[in-house]
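Just below is one structure, and these are the notes that go with it.
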Amino acid sequence: MPHRTELYEDPPSACWPIVYSPDYNITFMGLEKLHPFDAGKWGKVINFLKEEKLIADDLIVQAREATDEDLLVVHTRRYLNKLKAGKLAVDRGWAINVGKYK
């Protein structure tokens with residue numbers, strides 16, 4: 001039986017195939033400005049498209065969070081366990097993983 005997920009929905013046909021969540025814009029005490037990857041660029045793209053009246057909120061497919069079962073379709077349990085520091089950082093605002101990576 002194929003994996004059943006709530007991750008995807010059938011968006012209205014009027015929606016563009018653009019998936020977005022404000023959660024994509026990651027900030028932490030200004031440190032994101034030092035990172036070579038602009039973690040706020042997705043919000044800037046969406047805001048630009050809205051300002052130019054190319055899209056509106058009701059035309060964007062809202063992103064949903066994947067469950068462990070969704071992620072296990074393409075990742076191993078071992079890999080997901082290594083991501084716990086990332087989850088902890090999201091929950092508490094910061095985290096450090098001092099584990100050895102092989």
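The values are calculated or read from the model by the stated rules, or taken from the named source; none is laboratory data. Remember, it's a predicted structure, so these values are computed and weren't measured experimentally. A quick note on method: Cβ atoms are made from the backbone with ideal geometry, for glycine too, and the neighbour counts reach across all protein chains shown. In case anyone asks, the SASA skips ligands and DNA or RNA and just uses the protein heavy atoms, side chains included. Shrake-Rupley method; radii C 1.70, N 1.55, O 1.52, S 1.80 Å.
Residues that are of a type outside the set (Phe, Trp, Tyr) and open to solvent by 100 Å² or more (accessible area, probe 1.4 Å) within the stretch 8-26 comprise 10, 13, 17, 23, 26, listed in sequence order.
Screening residue 56 against (1) out of contact with any Lys or Arg (no Cβ under 8 Å at 6 or more places or on another chain); (2) open to solvent by less than 80 Å² (accessible area, probe 1.4 Å) leaves a single unmet condition, (1). Screening the candidates 42, 94 for the property of being outside any helix (DSSP H, G or I), touching a residue at least 12 places away in the same chain (Cβ under 8 Å) and under 18 Å from the mean Cα position of the chain (by Cα) yields one hit, 94.
Just one of the listed residues (56, 39, 63, 14) is touching a strand residue (DSSP E or B) at 6+ places or on another chain (Cβ under 6 Å) and small (Gly, Ala, Ser), namely 63.
Against the condition surrounded by fewer than 10 Cβ atoms within 10 Å (Cβ to Cβ) and of a type in the set (Val, Ile, Thr), how does residue 61 come out, does it pass? So residue 61 fails the test. If we keep just the residues of the stretch 58-102 that are among the hydroxyl-bearing types (Ser, Thr, Tyr) and either touching a Phe, Trp or Tyr at 6+ places or on another chain (Cβ under 8 Å) or modelled with pLDDT of 85 or more (or both), which is farthest from residue 13 (Cα to Cα)? If we take residues in the stretch 58-102 being among the hydroxyl-bearing types (Ser, Thr, Tyr) and either touching a Phe, Trp or Tyr at 6+ places or on another chain (Cβ under 8 Å) or modelled with pLDDT of 85 or more (or both), then 79 is farthest from residue 13 (Cα to Cα). Picking from residues in the stretch 45-85 that are in a helix (DSSP H, G or I), under 18 Å from the mean Cα position of the chain (by Cα) and among the aliphatic types (A, V, I, L, M), the one that is nearest to residue 3 (Cα to Cα) is 71.
Taking the criterion of being in contact (Cβ under 8 Å) with a residue 24 or more places away in the chain and among the polar types (S, T, N, Q), the residues of the stretch 46-88 that qualify are 62, 67.
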